[in-house]
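Derivation of every value follows stated rules applied to the coordinates shown; laboratory data play no part. The structure presented is a predicted model; accordingly, all values stated were derived computationally and were not measured. With ideal geometry, Cβ positions are generated from the backbone for all residues, glycine too; neighbour counts draw on all protein chains shown.
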Ligand code: F6P
């Protein structure tokens, strides 16, 4: 039961190992309460942030990026069972452990795809709950999820038990789908980066996929992955000639999205192995990201070999 007595839809469904249920539920509760507020506060915050205006990865920060990070940072780091808060918008991990506390580490991308603010296209909030100090490997995740700010606000929540989808409104979560699985018959693909910047082996793979699936790409990973979860297919932000390390961040994007897609019955890869097995050396380290139906990700790894 939430603080004010409302029963949240995920209360009875959350199954997290090693006694972490309560902390994960509190983290999810903060996301459920804060996401509609973030959505409502986007109006008037679509412009560039004051000050330096760049995040630690050198990307332009919108006012909304900083504001969403402040909201989530304040609320998540205040939770008793959260010992670290890390954000794509902050250079360092925030240590929020009280002297006696042991607990979980939370990493968030407060507004994934915020370059879509200018054109008013979908965006998201991504969160990963790690049972390890950050930077951590994806296999240390005990839960992960994202909010998709589309025509309605939805949340995908993955635990070791599986994946569920909720509609968020007024601080409540209503279950839409209890067992989200990638459809067996894939339909869509979305690949990021400029085609001339793709390595030749990925370009060859992409040509094959183009003739089999339908292009659905919007420039915000959460929304693009949400299409793959809904229709089956593959999302990739590959290695680029100009950026061999890839674009997306392992802690904040690759790990949580890889965890979600794997729990939904699909595969994740950095081109060689599951994203969840990738070494986490740097808080803001980047990785190529390939997620989707098993067969498509297997073929991708074969094509890059
Ligand atoms: O990392 C943020 C992000 O906006 C992702 O959500 C998205 O997949 C990618 O960057 C798009 O980047 P670009 O428009 O530079 O290809």
- Listing 231, 205, 146 by rising number of other beta-carbon atoms within 10 angstrom, fewest first, gives 231, 205, 146
- Item | Cα gyration tensor shape of segment 188-304, rounded if a/c is under 1.5, else prolate or oblate by comparing a/b with b/c | rounded
- If you take the C-alpha gyration tensor of segment 51-94, multiply each eigenvalue by 5 and take the square root, what semi-axes do you get, largest first, in whole Å? 21, 11, 6
- On a C-alpha basis, how far is the centre of segment 113-188 from the centre of segment 216-294 in Å? Whole number, if you could? 13 Å
- Return the distance in nm (one decimal) between the two label points of a simple spin-label model at residue 303 and residue 46, each offset 7 Å from Cα along Cα→Cβ. 3.5 nm
- What is segment 3-177 by shape, rounded, prolate or oblate, if you read a ≥ b ≥ c off the alpha carbon gyration tensor as root eigenvalues and call it rounded for a/c under 1.5, prolate for a/b larger than b/c, and oblate otherwise? oblate
- Given the options 93, 261, 228, which has the most mean-square fluctuation in a GNM of the chain, springs set between C-alpha atoms less than 10 angstrom apart? 93
- Query: For segment 235-305, what Kirkwood radius comes out of the mean inverse Cα-Cα distance, in Å?
  - Reply: 11.8 Å
- Query: What ranking of 273, 243, 249 emerges when the number of other C-beta atoms within 10 Å of each C-beta is taken as an exposure proxy, fewest first?
  - Reply: 273, 243, 249
- Note on the structure: One computes Rg over Rh for the chain from alpha-carbon atoms, with the Kirkwood Rh, and obtains 0.94
- Run the numbers on the chain and let me know its relative contact order in percent, using alpha-carbon pairs under 8 Å that are six or more apart. 16 percent
- Query: What ranking do 218-225, 129-136 get when scored by the average of other Cβ atoms within 10 Å per residue, highest first?
  - Reply: 218-225, 129-136
- Query: Roughly how large, in nm² to one decimal, is the mean projection of the convex hull of the alpha-carbon atoms in segment 151-234?
  - Reply: 7.0 nm²
- Among 38, 257, 209, which one moves the most in a GNM of the chain with springs linking Cα atoms closer than 10 Å? 209
- Message: Report the per residue volume, in Å³, of the convex hull enclosing the C-alpha atoms of segment 70-140.
- Response: 90 Å³
- Message: Cut-off 10 angstrom, C-alpha nodes, Gaussian network model of the chain. Which of 207, 216, 272 fluctuates the most?
- Response: 207
- Ranked list, fewest to most other Cβ atoms within 10 Å of each Cβ, for 289, 66: 66, 289
